[in-house]
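Peer 1: Just dropping this structure here.
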Amino acid sequence: MSVPNSHQPSRRLIALQKLMLLAASKSRGAEDVGRTRTITQSMESLQRRVRGVKETTSTVAGVPVRWFRPERADARLLFHVHGGAFVAGSSLAARAHSRLARCHHAELVSVDYRLAPEHPFPAALDDVWAVYSEVAQDRPTVIVGESAGGGLALSLVRRALDRGGNTPKGLVTMFPWADLTNSSDSFVSNGHRDVLSREGLSRSAMAYAGDCDLSMPLVSPLYGSFAGFPRTLIVVGTHDCLLDDSRKVSTCMRAAGVDATLIEIAAGIHGFILLPAPESKEARRQISSFVGTALSEP
């Protein structure tokens, strides 16, 4: 099911995105791993944990993780996979989802998986799988991921299904990077109005894939099987360079019999959900509703 947002974009969304595009244009052509990490860290530093949720760090299966525990948490779990083009990002990004954890009385865990190019595929997938295997057993779980983390979440579900792990109750993937060949037409149609660039993502893709083919299913989950996937919510903006990734994933999921819902936010660019705009608030409301329904299923 596709749920397009037909409303005109708000003035706030347009203004905020113009600022982001201006900042991105100044760094075009100068993207490298160090700069990507610096920009990502700056964005993560703006995220705030909501009151009533305790934040701690620990290790699970030898992998660093960050826990968010509401005062009235039960057995339900939100398993978060952060973005950052596989070369940047951290579990701090999960602070943006702490309200979701509090609302549904669920513990939230985010994984600091190893990053490329120092640790190419399958290091990141191995890390999220190791943690998931330990913390999600016999617990109602929804996996949440954004951007590269959204693609990695897709690969995680595939591995869990193939290896007989705990199948999550649901999957929320926001503007997922699911095709690391970066061959989609939306790179052309949205290249001038999104913060992403095909050139920058292609460098990150090569760093992450290492010696593996970019179209290998666990590297680019778009080329894999979606048979057996749980109900899935995909959220993306129509000005995102990865728009086609979301559309193609949703099409493949429905062809495989998956209960998949695609929400397209008019004029939203990559990462729009982190902006203080009405569209972001509405998208979060729909995500919360989806998570609540998924976690309540027997």
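Rule-based calculations on the coordinates, nothing more; no lab input. No experiment lies behind these values; they were computed from the predicted model shown. Using ideal geometry, Cβ is built from the backbone for each residue, glycine included, and neighbour counts are taken over all protein chains shown.
Peer 1: Would you mind pulling out the separation of the Cα centroids of the range 174-208 and the range 10-84, in Å?
Peer 2: 19
Peer 1: Now a separate question. At 7 Å along Cα-to-Cβ for each site, give me the label-to-label distance between residue 41 and residue 202 in nm.
Peer 2: It is 2.9 nm.
Peer 1: To make sure I understand, if each residue's beta carbon is the centre and we count other beta carbons within 10 Å, what order do 167, 40 fall in, fewest to most?
Peer 2: Starting with the residue having the fewest Cβ neighbours, the order is 167, 40.
Peer 1: Then there's this: Which of the following values of Cα Rg over 2.2 N^0.38 Å was calculated from the structure shown: (i) 1.02; (ii) 1.16; (iii) 0.91?
Peer 2: (iii)
Peer 1: Only residues of the range 166-187 count here: report those whose backbone N is under 14 Å from the spot 7 Å along Cα→Cβ of residue 103, or say none.
Peer 2: The answer is 172.
Peer 1: Same structure again: For n ≥ 4 DSSP H runs only, could you compute -39500 (n - 2.57) per run for the chain, divide by its residues and tell me the 222 nm figure to the nearest 500?
Peer 2: Helix-only estimate at 222 nm: -11500 deg cm²/dmol.
Peer 1: May I ask you to evaluate 6.51 cos²θ - 1.76 cosθ + 1.60, the Karplus curve with θ = phi - 60°, for each residue of the range 111-127 and list the ³J(HN,Hα) values in order in whole Hz, giving x for glycine and proline?
Peer 2: 9, 8, 5, 5, 9, 7, x, 4, 9, x, 3, x, 4, 4, 5, 4, 5
Peer 1: Using a 10 Å Cβ count of at most 13 others and DSSP loop calls, identify the longest part of the chain lacking such trypsin sites (Lys or Arg not before Pro).
Peer 2: Segment 164-298 is the longest.
Peer 1: Okay, next question. Please tell me the relative contact order of the chain in percent, rounded to the nearest whole number, where contacts are Cα pairs under 8 Å and at least six residues apart.
Peer 2: For the chain, the relative contact order is 20 percent.
Peer 1: In the range 163-202, whose amide N lies under 16 Å from the spot 7 Å out along Cα-to-Cβ of residue 293? List them in ranges.
Peer 2: Answer for this model: 169-173.
Peer 1: Also: Provide the net charge surrounding residue 230, with neighbours chosen by a C-beta distance below 10 Å and charges set as Lys +1, Arg +1, Asp -1, Glu -1.
Peer 2: Net charge in that neighbourhood comes out at 0.
Peer 1: What range in the chain is the longest one free of GluC sites (Glu not before Pro) that are in a loop by DSSP and have at most 15 other Cβ atoms within 10 angstrom?
Peer 2: Counting only loop sites that pass the neighbour cut-off, the longest clear stretch is 119-298.
Peer 1: Still on this model: Around residue 91, under 13 Å between beta carbons, what's the net of Lys plus Arg minus Asp minus Glu among the other residues?
Peer 2: The answer is -1.
Peer 1: Let me ask another. Quick check: the distance between the Cα centres of the range 214-256 and the range 89-122, to the nearest angstrom?
Peer 2: 20
Peer 1: May I pose another question? Just to confirm a number: summing +1 for Lys and Arg and -1 for Asp and Glu over residues other than residue 176 whose beta-carbon lies under 12 angstrom from that of residue 176, what do you get?
Peer 2: -3
Peer 1: Using θ = phi - 60° and the Karplus curve 6.51 cos²θ - 1.76 cosθ + 1.60, what whole-Hz ³J(HN,Hα) does each residue of the range 263-270 get, with Gly and Pro shown as x?
Peer 2: Listing the rounded values in order: 10, 10, 9, 4, 6, x, 9, 4 Hz.
Peer 1: Return the distance in nm (one decimal) between the two label points of a simple spin-label model at residue 57 and residue 133, each offset 7 Å from Cα along Cα→Cβ.
Peer 2: 2.5
Peer 1: Calculate, in nm to one decimal, what residue 11 and residue 167 gain on full extension: separation in residues at 0.36 nm each, minus their alpha carbon distance.
Peer 2: 52.1 nm is the gain from fully extending residue 11 to residue 167.
Peer 1: Cβ neighbours within 10 Å, averaged per peptide: list 272-278, 232-238 in order, most packed at the top.
Peer 2: 232-238, 272-278
Peer 1: Taking 7 Å along the Cα-to-C-beta vector as the label spot, tell me the residue 192-residue 48 distance in nanometres, rounded to one decimal.
Peer 2: Using points 7 Å along Cα→Cβ, the separation is 3.8 nm.
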